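Please read the structure below before turning to the comments.
The values are calculated or read from the model by the stated rules, or taken from the named source; none is laboratory data. Since this is a predicted model, take the numbers as computed values, not measurements. Please note: Cβ atoms are built from the backbone with ideal geometry, for glycine as well, and neighbour counts cover all protein chains shown. Side chains included, ligands, DNA and RNA excluded: accessible areas come from the protein's heavy atoms. Shrake-Rupley method; radii C 1.70, N 1.55, O 1.52, S 1.80 Å.
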Amino acid sequence: MPAPIRLRELIRTIRTARTQAEEREMIQKECAAIRSSFREEDNTYRCRNVAKLLYMHMLGYPAHFGQLECLKLIASQKFTDKRIGYLGAMLLLDERQDVHLLMTNCIKNDLNHSTQFVQGLALCTLGCMGSSEMCRDLAGEVEKLLKTSNSYLRKKAALCAVHVIRKVPELMEMFLPATKNLLNEKNHGVLHTSVVLLTEMCERSPDMLAHFRKLVPQLVRILKNLIMSGYSPEHDVSGISDPFLQVRILRLLRILGRNDDDSSEAMNDILAQVATNTETSKNVGNAILYETVLTIMDIKSESGLRVLAINILGRFLLNNDKNIRVSLCSPGCPGTHSIDQAGFELRNPPASAFRVLGLKACPTTAQQEQTFFNGSNGKHFRYVALTSLLKTVQTDHNAVQRHRSTIVDCLKDLDVSIKSVGNIDMAHLFSFCTVECRTQGFEHDRRAMELSFALVNGNNIRGMMKELLYFLDSCEPEFKADCASGIFLAAEKYAPSKRWHIDTIMRVLTTAGSYVRDDAVPNLIQLITNSVEMHAYTVQRLYKAVLGDYSQQPLVQVAAWCIGEYGDLLVSGQCEEEEPIQVTEDEVLDILESVLISNMSTSVTRGYALTAIMKLSTRFTCTVNRIKKVVSIYGSSIDVELQQRAVEYNALFKKYDHMRSALLERMPVMEKVTTNGPSEIVQTNGETEPAPLETKPPPSGPQPSSQANDLLDLLGGNDITPVIPTAPTSKPASAGGELLDLLGDITLTGAPAAAPTPASVPQVSQTPFLLDGLSSQPLFNDIAPGIPSITAYSKNGLKIEFTFERSNTNPSVTVITIQASNSTDLDMTDFVFQAAVPKTFQLQLLSPSSSVVPAFNTGTITQVIKVLNPQKQQLRMRIKLTYNHKGSAMQDLAEVNNFPPQSWQ
């Protein structure tokens, strides 16, 4: 049989292929020749054939038939054969395949080999793909090599020990004696890997953490020597001595100093030296400074040191260097492989394979990598600073406040180059980095927005709102909903005047009305209703805002409601805050009729407009006949909801005209409910009022259908009653009704607010409510201040806490405020909380404060639950949680039985 072609010839041949089909034909032909050689047990060219097979594997072609040949090469006595065999094992085998267990004995023999390079190959392979069984069998040999005097083997053995500990944590104590002298090593590679090993052990065992805290002075001394040492060409990177080792030591100090006063005090001085003496003009210096800041913030450091750290982050925000690439390629930052730098050559097989095979890296790929990294910009750098400041703002608010102008400037950064980096024609090796860059571009803006909201207070509310409104106008659609919600909350908390508050909310609705939360409309209506002196000004502003533009539906809904309530003020021109406009009754009706016939108007908006027209029949005098005609026209509308309203309004004109003025009179001032959570606003008679709880028990009658019981079955048991609906009981005609049908009339939080409904009977004839007549006093008061809070749910980083209040007038009503927090590193979106209680209780869920649970415990979602317990029975509750996290839809059920007796007795 002729000698097979060499690897270089194969590569040259494949690169001459003009089409994919031609390349596949070449590969198939060569694979057939390699198979034939394997069948003939050709030991002479086995190494060459496996090398070619590995190259084809890196091109994406199947090479599994070479697994056993790799084991034969590993068993060979020649170093060149072993090198290719071990590389093939790392590329073609993993612990999911039983074949890898066949090389356990070979690795054990090579770990005891007389040649250090063979021992190094065995250590690299075991540390890369060793299974738990292999780690248990070979941990003793790794521990012996960890004690050897050979620095080349010690650094590899330390990293292999890290892999063993990750696979079999109970073997950790085996390596404890060998770690005593590791930090005395002068070789930086051994020092680096030793710090990695100590870090892994401290993170996995509290006992190890306490044991290694005595090493803090030694680590401080090593770090000080690195800072003060002169130029060393062997370890110098851009004028800084071994930045990889410095970063690793800083991370270990952060772990050792967390929640420990003595350790934190011992490292305060060295952290101050690193923060002040590190060069900031290079990437590596900035990476060290960033790790220093994280360490200062995580330990019990001095206040002056924390201010210094925040000032460093402020300087990061000012950095506009287009070549800053901290989060992608600087040492010690996310995305880097510091372990590889310590000497774990085969940790990244695709890159190392070129070297082992005797090839140079593909020049095209290298050029694309350089182009990609140079295309990055300062957003990566500012992103890490914003993230760190966001974690710090709660504890060091004043120090972060000094950098408010710099943080706000990040909102104005419209550089979208990072978001368009994907148009570079890059190898598949960098596709993951491209996605990360796009994501981080958006996250930079999100972090700047969240941090800006955290800095808002009563002193800077006007200036901050101006910048945030500008950001709302220019930001990506992904941010508009969160930004609008943040502005609503900040304006409600710190508004300097009612006029400013109303103007701000109207500006948000004008800019991003389609993105606001569903409760924005009723909340603004309540604000306008309570601002008696601003009625004329508000209705005039809203009238001008919707002239000819009906694209922002929430704004149109508020405008229609206000025109219906205060249309007489608009026509009379009583506005004192700005120059009044001259409007006739017919012009006002023209606007509302245009809303009714507009293609952009939703069914809810048309309901607002029709109700507003009906209200104007008691406020206008010359257009009543026109109003009757409009109402009668919609009595035959194909929209069932609109048709029902029109029929009822026609009945008011014909049968109950003597009651029309009283039914449609102006809304009184509404008292806002003060609780630990948001108040719920529902629609009745085209108005808004606080949502009441019904006192009478659920009516007896036939059981709901099987579809109606779906959610109850899911929550478990048949003794569970759903939440009391906070909206009118009539089924909506929109697509949202299908969801309510499916869930059995359970009102889901975050559902769109119901449109205004007509009142066909006087208020006195309605079913009495539990909370009627309480508008003149606080609805709830903590009459039992000793009620302890409880943790209802804690799993996967999500924590739900319950706090309790009791009704001031009805002790049977318990108000539960839930607070949801998120300790993970990514936000939880589309968060929905549902609850069910036994049939002897009645339960009402109000709207949540948000649908996003911020990461790092930087904020909470609050939601109010009202529970009526007339029989004073022990409270039980089943909860259902749904949310999206890290791109996956999450869902979980839990039962809460640990309610304190004070909450229900």
Requested in this report: Output the residues belonging to region 537-582 that are in a helix (DSSP H, G or I) and either touching a Pro at 6+ places or on another chain (Cβ under 8 Å) or farther than 23 Å from Val595 by Cα (or both).
Outcome: Gln540, Trp561
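Among the residues of region 593-601, is any open to solvent by 50 Å² or more (accessible area, probe 1.4 Å) and either free of Cβ contacts under 8 Å to residues at least 24 places away in the same chain or within 21 Å of Thr529 (Cα to Cα) (or both)? Steps first, answer last, please.
As a first pass, look at region 593-601 and keep what is open to solvent by 50 Å² or more (accessible area, probe 1.4 Å): 593, 597, 599-600.
Right, trim to either free of Cβ contacts under 8 Å to residues at least 24 places away in the same chain or within 21 Å of Thr529 (Cα to Cα) (or both) and you get 597, 599.
Checking region 593-601: at least one residue is open to solvent by 50 Å² or more (accessible area, probe 1.4 Å) and either free of Cβ contacts under 8 Å to residues at least 24 places away in the same chain or within 21 Å of Thr529 (Cα to Cα) (or both).
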Report task. Read through the list (1) farther than 25 Å from Met267 by Cβ; (2) out of contact with any Leu (no Cβ under 8 Å at 6 or more places or on another chain); (3) among the charged types (D, E, K, R), then give the number of the only condition that Lys186 fails. Result -> (1)
**Report entry** Single unsatisfied condition, Ser888 versus (1) out of contact with any Lys or Arg (no Cβ under 9 Å at 6 or more places or on another chain); (2) under 30 Å from Glu492 (Cα atoms)
**Finding:** (2)
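Tell me which residues, restricted to region 1-22, are more than 49 Å from the chain's Cα centre (by Cα) and part of a helix (DSSP H, G or I). So that I can check it myself, show each step before the final result.
At the first step, the residues of region 1-22 found to be more than 49 Å from the chain's Cα centre (by Cα) are 1-6, 9.
Answer for region 1-22, where residues must be more than 49 Å from the chain's Cα centre (by Cα) and part of a helix (DSSP H, G or I): just Glu9.
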Query raised in the report: Yes or no: Thr538 buried (at least 23 other Cβ atoms within 10 Å of the Cβ), among the polar types (S, T, N, Q), out of contact with any strand residue (DSSP E or B) (no Cβ under 7 Å at 6 or more places or on another chain) and over 23 Å from Ser603 (Cβ atoms)?
Result: yes
Report summary line: Filtering region 877-905 down to residues that are farther than 26 Å from Leu826 by Cβ, out of contact with any strand residue (DSSP E or B) (no Cβ under 8 Å at 6 or more places or on another chain) and assigned to a strand (DSSP E or B) yields none
**Report entry** Residue within region 295-303 that is among the small types (Gly, Ala, Ser) and open to solvent by 10 Å² or more (accessible area, probe 1.4 Å) present
**Finding:** yes
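Can you name the residue in region 475-503 that is part of a helix (DSSP H, G or I) and open to solvent by 50 Å² or more (accessible area, probe 1.4 Å) and, of all such residues, is farthest from Gly859 (Cα to Cα)?
Taking region 475-503 first, the residues part of a helix (DSSP H, G or I) are 477-494, 498-503.
Among the residues that remain, those that are also open to solvent by 50 Å² or more (accessible area, probe 1.4 Å) are: 477-478, 489, 492-494, 498-499.
Values: Pro477: 22, Glu478: 19, Leu489: 13, Glu492: 17, Lys493: 16, Tyr494: 18, Lys498: 27, Arg499: 29 Å.
That would be Arg499.
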**Report entry** Options Val864, Val837; residue that is within 29 Å of the chain's Cα centre (by Cα), crowded, with 20+ Cβ neighbours inside 10 Å, touching a residue at least 24 places away in the same chain (Cβ under 8 Å) and not in a loop (DSSP other than H, G, I, E, B)
**Finding:** Val864
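Only one residue in Arg39, Arg8 is at pLDDT 90 or above and out of contact with any Pro (no Cβ under 9 Å at 6 or more places or on another chain). Which one? Quick ask: steps written out before the conclusion?
Working: Arg39 fails: at pLDDT 90 or above.
Residue meeting the stated conditions: Arg8.
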Query - Count - residues of region 130-172 that are farther than 14 Å from Leu111 by Cα, among the hydroxyl-bearing types (Ser, Thr, Tyr) and open to solvent by 20 Å² or more (accessible area, probe 1.4 Å) - result: 3
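Return yes when Ala646 is in contact (Cβ under 8 Å) with a residue 40 or more places away in the chain, more than 30 Å from Ile865 (Cα to Cα) and small (Gly, Ala, Ser) and no when it is not.
Values: in contact (Cβ under 8 Å) with a residue 40 or more places away in the chain: no; more than 30 Å from Ile865 (Cα to Cα): yes; small (Gly, Ala, Ser): yes.
So Ala646 does not fit the description; no.
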Report task. Restrict the check to region 83-94 and report whether at least one residue is more than 30 Å from Arg24 (Cβ to Cβ) and surrounded by 15 or more Cβ atoms within 10 Å (Cβ to Cβ). Result -> no
**Report entry** Close pairs from region 614-635: first without any contact (Cβ under 8 Å) to a residue 12 or more places away in the chain, partner open to solvent by less than 40 Å² (accessible area, probe 1.4 Å) and not in a helix (DSSP H, G or I), Cβ under 7 Å, at least 6 apart
**Finding:** Val624/Ser617
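With Val247, Val284 as the choices, which residue is modelled with pLDDT of 90 or more, farther than 26 Å from Ser405 by Cα and either aliphatic (A, V, I, L, M) or open to solvent by 10 Å² or more (accessible area, probe 1.4 Å) (or both)?
Working: Val284 fails: modelled with pLDDT of 90 or more.
Exactly one residue qualifies, and that residue is Val247.
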Query raised in the report: Could you list, in sequence order, the residues of region 456-474 that are in contact with a helix residue (DSSP H, G or I) (Cβ under 9 Å, 6 or more places away or on another chain), assigned to a helix (DSSP H, G or I) and within 25 Å of Asn398 (Cα to Cα)?
Result: Ile461, Arg462, Gly463, Met464, Met465, Glu467, Leu468, Leu469, Tyr470, Phe471
